[in-house]
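Every number here is computed from the coordinates shown, using simple stated rules; none is lab data. Because the structure is predicted, anything quoted here is derived from the model rather than measured. Virtual Cβ from ideal backbone geometry, glycine too; neighbours counted across all protein chains shown.
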């Protein structure tokens, strides 16, 4: 015979529909979003990885000053690699955007056509799909390259630009202002060639097994290329590896960040070795170091980790909500349970019985969540990723591990938490159930309360009777509050960050020079800069005049050999005066240990400031060395050919712009989740307390209390706790946010100052209050429905 | 004897606040007997019933049912003992509110390998017109009949009734007592019934009077009268 108690499951779910629907919906959405996230990212990671083969993605590339001669190409081939020219030109648009144009590719880094077709005529062009979307460009629109208009005939994704880093050492990528484009071979040849970049991609004949092998082999390849450039044998070049290393650091600074500007020194160095007409290696990027290729994959994987952490946190809270409400049911059914136990029902049978309804709902939610995850929500997540990255087309892949992490594990969490809590609740003797003697602690009498008003004391008693339930609500609301702050704070944070970047800039223009060039402009002040690395990222090292008009607060004289660091650097790496920083060349062996003398308020980048004399001495440069100018106005008398790059305040805000672009859509989703979680918590716990107190409420009605008065006694206590929890969550959210942001920003170059706009706290509390009032209205109806007969009829 | 109790002792509390609930109770009940435990509140009759039912434990003494001692049983064995041997009826009916009358009775039937026929039992209980109703749709007497059905359906050796008429008016109470007697006669269960109502004792085969945790008298009822003739 089947256990007749099973007939209760659906009836219980129907009778407690409000609770179960709320839990079902929330669980469905949570599992749906997370499985959608996992499936989408899993499918996209798969498409991303497959793209390396499918689109024949390079194993690396290097950039030369001039077209490679036969020796250089042979040197690459001798390393067991094929080399392909991937020449390009950058064209500025009227709106300040940049389009990097390549000719149609047929051998390496092949395009994935997203819409339309590839260019066939000489006035046709395809753009990056994401850039086109961000700028509202469609097929048929015109795109200007120099003075020539091109018609857009399609959009593509290039796997060597899945993340739109213009240069590999850029702080951030931005697919709104930078795009790649393809034109026909003839069209490319007919463009103004003055800005042509001689880029060469290579692929190994025998692909490396992993990134480390790829990096190791790329070092050999780089030495071979350098040797070919210098006209040496590889052995000679290796013997002079120290110099080569020094060169590479210089090359890297020049090629990548636009902040290096040591081309003058480099040219001098090259001339020293091989004469002035030699070629120059301007950039060398093996695939594992190519952020335009690798960043997307890293981000997809990291997102999964964050999502699953978030999922498990929510699931644990939901599991406890289930458990607490089921425990409440057990308390209400104590007499029945006592009778069943006295009749011979085992604890195990009852445990299974009371766990079944929550597990049935969870299982249904898991199924619904997965269906949603694989369909609608997956599309939402894919949309988020496609909004950030220029990914190729993908196909949805059944992801077993996503199913385990987003469905099996949450289900097990719910099962285990429920089993533990319910087992504990059922571990009373049958007699204790029959006597309703379920309190764990021996009764010590009522806790004495201060001489508060009757209402306050009553509410305090309600609170004291339901401490476990309120504890769960506290944690749930705390989490909801944190999520709410996260969801709301993002845009103001970035806006504020931009403001302080602009405020803290020390000059409107930083000119980085290719060659030293004198200027008579009144506001121009010489400085020097190079890029070194700590163990994680690039750091700009400035040499500033001691009497600088732009950085008057730097008192080098008082600091001796100590250096200033920017506040961004200090914040990110917890540095303070007295700390030592170790910076090294990217490719070379030289390392520099500097003692921090003081911190300068500068949030834009990670940088170190030395006096110009100290700088020259530290890096062993000529006495009158400089490679840039600071100015608050454009310097009119500099020859454009001498300028490597100009850093403006807009360049400093790239990080904020990109974060807004890539994550701006994610945070509002979090806000919505937060509000739902908040309402759910208050609703379930208020309902639980009303259910538990139904008998008393019935009696209160008999005594003459109105539903409104009863509401003030029971529901108000819940509202007060909810708002209190929310209030506590605000400082906690600031604390956790600083931790999360730190972890997040460790993946990026640069730093972002944490700031939560004060109005966000107000909005959070306001939203919380509105949620409480809405739930209170709903629960008022429940109070209205409790009959007075309940108190009279109950025989116990 | 089907049920034998020897020197059962039970106290509650500790230190200066110890209450002696049972002070060396010894008694026996034959199979098929109706035994009434009679006494005022606090006399220990419910405690004794709970110890027999294995839902409370004695501090000392020996209990054997059908030759098997239950004093040393662990929780699992006790549960199994209750499952196979006992049916419980309480003053409060403790029915499952969202199961029908038939389903509530089936809850008891599930525990037995050879339960009584639920349909027949419902007819015996006089609940055939209410079999598909929920407890909330029944009167107190009907609910108690259902509770008796749930207890008896597994055909237990012993039916333990704790003040089964305590919450009922006298007419309904009479009805329940007649039913208990009918069940006893029909299915041969041994009935141990706790009550403080002297009149009910008249229907018992054995009457055990308790006061302050001690048996004041334990006698066979020579003048037993049918439940239908009781004057409550």
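Tell me whether the stretch B:1-135 comes out rounded, prolate or oblate; compute the Cα gyration tensor, take square roots of the eigenvalues as a ≥ b ≥ c, and use a/c under 1.5 as the rounded threshold. Before the final figure, lay out the partial values.
Values: a/c = 2.18, a/b = 1.80, b/c = 1.21.
Judged from the Cα gyration tensor, the stretch B:1-135 comes out prolate (a/c at least 1.5, a/b above b/c).
Could you sort the peptides A:205-218, B:135-148 by per-residue average Cβ neighbour count (10 Å cutoff), highest mean leading?
Going from most to least packed, we get B:135-148, A:205-218.
Which of A:596, A:305 comes first, and how do the rest follow, when ranked by fewest Cβ neighbours within 10 Å?
A:305, A:596
What ranking of A:484, A:222 emerges when the number of other C-beta atoms within 10 Å of each C-beta is taken as an exposure proxy, fewest first?
On the way: A:484 30, A:222 21.
Taking fewest neighbouring Cβ atoms as first place, the list is A:222, A:484.
How long are the semi-axes of the ellipsoid equivalent to the stretch B:86-149, from square roots of 5 times the Cα gyration tensor eigenvalues, in whole Å, largest first?
Values for the stretch B:86-149, descending: 17, 13, 11 Å.
So what's the back-of-envelope 222 nm ellipticity for chain A, counting only DSSP H runs of four-plus at -39500 (n - 2.57) apiece and dividing by all residues, rounded to 500?
That calculation yields -18000 deg cm²/dmol at 222 nm.
Please find the FRET efficiency linking residue A:375 to residue A:213, where r is the Cβ-Cβ separation and R0 is fixed at 35 Å, and quote it to the nearest 0.05. All intermediate terms of the calculation are to be shown ahead of the outcome.
Working: r = 40 Å, r/R0 = 1.15.
The pair residue A:375/residue A:213 has a calculated efficiency of 0.30.
Hey, got the average number of other protein chain Cβ atoms within 10 angstrom for residues in B:149-157?
If you average over the peptide's residues, the count of other-chain Cβ atoms is 1.
Over the C-alpha atoms of chain B, what are the Rg and the largest Cα-to-Cα span, Dmax, in Å?
Cα radius of gyration and Dmax of chain B are 17.2, 55 Å respectively.
Apply 1/(1 + (r/R0)^6) to the Cβ-Cβ distance of residue A:94 and residue A:193, taking R0 = 30 Å, and write down the FRET efficiency to the nearest 0.05.
After rounding to 0.05, the efficiency reads 0.90.
Taking the Cα centroid of the stretch A:383-428 and of the stretch A:529-564, what is the distance between the two, rounded to the nearest whole Å?
49 Å
Expressed as a rounded percentage, what relative contact order does chain B have, with Cα pairs under 8 Å and six or more residues apart?
Here the relative contact order equals 28 percent.
Going by the alpha-carbon gyration tensor, a ≥ b ≥ c the square roots of its eigenvalues, is the stretch A:156-214 rounded (a/c under 1.5) or, if a/c is not under 1.5, prolate (a/b greater than b/c) versus oblate? Don't skip to the answer; put the middle values down first.
Numbers: a/c = 2.14, a/b = 1.36, b/c = 1.58.
Oblate shape, in that a/c is at least 1.5 and b/c is the bigger or equal ratio.
Okay, helix-only estimate at 222 nm for chain B: each DSSP H run of n ≥ 4 adds -39500 (n - 2.57), divide by all residues, round to 500 deg cm²/dmol; what do you get?
About -9000 deg cm²/dmol.
Percent antiparallel among DSSP beta bridges with both residues in the stretch B:3-229, to the nearest 5?
Bridges in the stretch B:3-229 are about 55 percent antiparallel.
Between residue B:113 and residue A:9, take the C-beta separation as r, use R0 = 30 Å, and let me know the FRET efficiency to the nearest 0.05.
Here the calculated transfer efficiency is 0.75.
Give the span of the stretch A:605-733's Cα atoms along each principal axis, as three whole-Å numbers ordered largest to smallest.
Principal extents (largest minus smallest coordinate, Cα): 95, 29, 21 Å.
To the nearest whole number, what is the average tally of beta carbon atoms from other chains within 10 Å of the beta carbons of peptide B:49-57?
Taking the mean over all residues of the peptide, I get 3.
For q values of 0.05, 0.09 Å⁻¹, compute log₁₀ I(q)/I(0) with the Debye formula on a Cα-only model of chain A, without solvent.
Results for chain A at q = 0.05, 0.09 Å⁻¹ read -0.38, -0.94.
For A:753, A:163, A:346, A:406, what ranking results if the residue with the fewest other Cβ atoms within 10 Å of its Cβ goes first?
Ascending number of Cβ neighbours within 10 Å: A:753, A:346, A:163, A:406.
What is the packing order of peptides A:555-561, A:321-327, A:522-528, taking the mean over residues of other C-beta atoms within 10 Å and listing the highest first?
Top of the packing list down: A:321-327, A:522-528, A:555-561.
By per-residue mean of other Cβ atoms within 10 Å, what is the highest-first order of A:542-551, A:565-574? Spell out each step's value before the answer.
Details: A:542-551: 18.9, A:565-574: 20.5.
The packing order, highest mean first, is A:565-574, A:542-551.
Other chains' Cβ within 10 Å of A:329-337 residues: what's the mean?
Going residue by residue through A:329-337 and averaging, the value is 2.
Classify the stretch A:509-647 as rounded, prolate or oblate, taking a ≥ b ≥ c as the square roots of the eigenvalues of its Cα gyration tensor: rounded when a/c is under 1.5, otherwise prolate if a/b is larger than b/c and oblate if not.
Because a/c hits 1.5 or more and a/b exceeds b/c, the stretch A:509-647 counts as prolate.
Consider a paramagnetic label point 7 Å from the Cα of residue A:624 along Cα→Cβ; state which residues of the stretch A:509-530 have an amide N under 17 Å from it.
Within reach of a label on residue A:624: A:515-521, A:525-528.
Antiparallel as a % of all DSSP beta bridges within the protein assembly as shown, to the nearest 5?
Close to 70 percent.
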